[in-house]
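Read the structure below first, then the notes.
Read-outs throughout are calculated quantities, based only on the coordinates presented, and are distinct from any laboratory measurement. As the structure is a prediction and not an experimental result, all values here were calculated from the model. Neighbour counts are summed over all protein chains in view; Cβ atoms, including those assigned to glycine, are modelled from backbone coordinates with ideal geometry.
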Amino acid sequence: MDYDVRDTGLAGEGKNKIEWSEKDMPVLRDIRADFAIKKPLKGVNIGACLHVTSETANLMITLKEGGANVALCASNPLSTQDDAAASLVKDYGIPVFAIKGEDNDTYYSHIHSVLDTGPQITMDDGADLISTIHSKRKDLLKNVFGGTEETTTGVIRLKSMADKKVLYYPIIAVNDAKTKHFFDNRYGTGQSTIDGILRATNILMAGKKFVVAGYGWCGRGVAMRAKGMGSSVIVLEVDPLKALEAKLDGFDVMTGKKAAEYGEIFVSATGDKNVIGPDIIDNCRDMSIVANAGHFDAEIDLRYLRENSKSIRKVRPFVEEYLLNDGRRIYVLANGRLVNLGAAEGHPASVMDMSFANQALSVKYIYQNSRELGKKVYNVPKDIDESIAVLKLKSMGVEIDKLTEEQEEYLGSWEMGT
Ligand code: ADE
């Protein structure tokens, strides 16, 4: 079996971590048990480009139990957990091509290694695998039934491909399932971003001025958790509606330039580029901390920072000090890459349970329905999304009421008024 991981000697630690995550993934466990009996993916080649974590390991094991041949590479050069990667190779016989901190060339050569296995279904987090197969490995496209996409940024890229009529096979937008983005993007990113900042810096959050750029689901989660830790939160948002929501949720809302005067920690969660750019860099206080929670490392304008710095030095793991020409210092976390996966372990397993249940069931859906699907981006079928909510509640021991017949009828009627 071909693979490329840092050190297979880390497999023991990785297996412990994979089993630890499995404990908090009851929905995926149910799916795994069902897949093990029914083998719905028997003989299907699956190529996955996801963050290589202990939670992703559980997804890969589930697909393999379902009969698939899976190969995995990283969807970000800094997010790989080398021990989980080693265990997938050694303990579970799954080929992995991923090393934490790999350079860009290695990152893409690993994507090509997964493509060399001839995937019939692709799984992405950020659309780099799909983008590579569509641009550099077109010969492989004819074998592919369809693919899945995990994240907001990837879904945006894929919808743009579909609009331009260059998308060659159907995609299920796992991100857009309610049991994914309501929870993973909000509570997952909220907690894990704070976790990444704390592991990297060990700062006290209470009493700090914390600036969040972007008030989508991820930004909301980060703002909510920063507030919970005692920071005063300022939100930057370009969308008037979301800005209004942030204001009425109790946050200060202002421009980046104004926020730069107050902020001590700046976190981007927008999906756009150079969000932490000259307005903030030129005006922020000495010793400001900047971090990114968005998918790509484009949100902090590192080029501008470099051009305006006298020196750059590493002061702690995942913390670089930029000494600006005017003497101020700015601390960049995790090289401007996803701070939650770069400096911490990503979202907790309990939330990835729902995201990856959507992934596993979407892969099965694609395999069983690919003939009826066009070259478009589809939502996760509603019944799959709802079934995951039901299973998750059950696993938590939560029971809920049902509508009475009378109430159902009332909701379906229009005649009844005052
Ligand atoms: N994205 C965010 N957190 C993650 C995790 N723990 N595993 C895989 N993908 C993730």
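Out of Thr106, Thr151, Thr122, any idea which swings most in a Gaussian network model of the chain, alpha carbons joined below 10 Å?
Sorting by GNM fluctuation, first place goes to Thr106.
For the stretch 164-206, what Kirkwood radius comes out of the mean inverse Cα-Cα distance, in Å?
That comes to 13.1 Å for the stretch 164-206.
In a GNM of the chain with a 10 Å cut-off on Cα contacts, which of Ala259, Ala36, Ala343 has the highest mean-square fluctuation?
Ala36
Could you give the nm distance between label points at Ser413 and Lys178, where each point is 7 Å from its Cα heading toward the beta carbon?
2.5 nm
How would Tyr107, Tyr92, Tyr215 line up from fewest to most surrounding beta-carbon atoms within 10 angstrom?
Tyr92, Tyr107, Tyr215
Only Cα pairs under 8 Å and at least 6 apart count here; give the relative contact order of the chain as a rounded whole percent.
17 percent
Can you grab the distance from the C-alpha centre of the stretch 144-197 to the C-alpha centre of the stretch 252-320, Å, no decimals?
Result: 25 Å between the Cα centres.
Give the relative contact order (percent, whole number) for the stretch 246-316; include only Cα pairs under 8 Å separated by 6+ residues.
For the stretch 246-316, the relative contact order is 31 percent.
Taking the chain as a Gaussian network, where each spring joins two C-alpha atoms under 10 Å apart, which residue of Leu140, Leu241, Leu167 fluctuates the most?
So, out of Leu140, Leu241, Leu167, the one fluctuating most is Leu241.
Suppose we look only past 41 Å in the calculated P(r) of the chain. What percent of the Cα-Cα pairs does that tail hold?
Taking all Cα-Cα pairs of the chain, the fraction more than 41 Å apart is 17 percent.
What is the projected area of the convex hull of the Cα atoms of the stretch 275-324, averaged over all directions, in nm²?
Averaged projected hull area, Cα only: 3.6 nm².
Using only C-alpha atoms and all pairs of different ones, pull out the Kirkwood radius for the stretch 1-107 in Å with one decimal.
One over the average 1/r among Cα pairs gives 13.6 Å for the stretch 1-107.
Between Gly147 and residues 5 or more places away or on another chain, which pairs have amide H atoms under 5 Å apart, with H built 1.01 Å from N, and which residues are they?
HN-HN under 5 Å from Gly147: Thr122, Ile171, Ile172.
Can you bin every Cα-Cα distance in the stretch 307-418 into 10 Å intervals starting at zero and give me the percent of pairs per bin, rounded to whole numbers?
Calculated over all Cα pairs of the stretch 307-418, the distribution is 10, 20, 18, 20, 16, 10, 5, 0 percent.
If you line up the Cα atoms of the stretch 43-185 on their principal axes, what length do they span on each, largest first, in Å?
Cα extents, longest axis first: 42, 37, 33 Å.
Across the stretch 348-418, how many lysine pairs, 8 or more apart or on two chains, come within less than 27 Å at their alpha-carbon atoms?
Counting lysine pairs in the stretch 348-418 gives 10.
Distance between the C-alpha centers of the stretch 1-40 and the stretch 344-398? Whole Å please.
17 Å
Antiparallel versus total DSSP beta bridges in the chain: what percent is that, nearest 5?
If we restrict to bridges inside the chain, about 20 percent are antiparallel.
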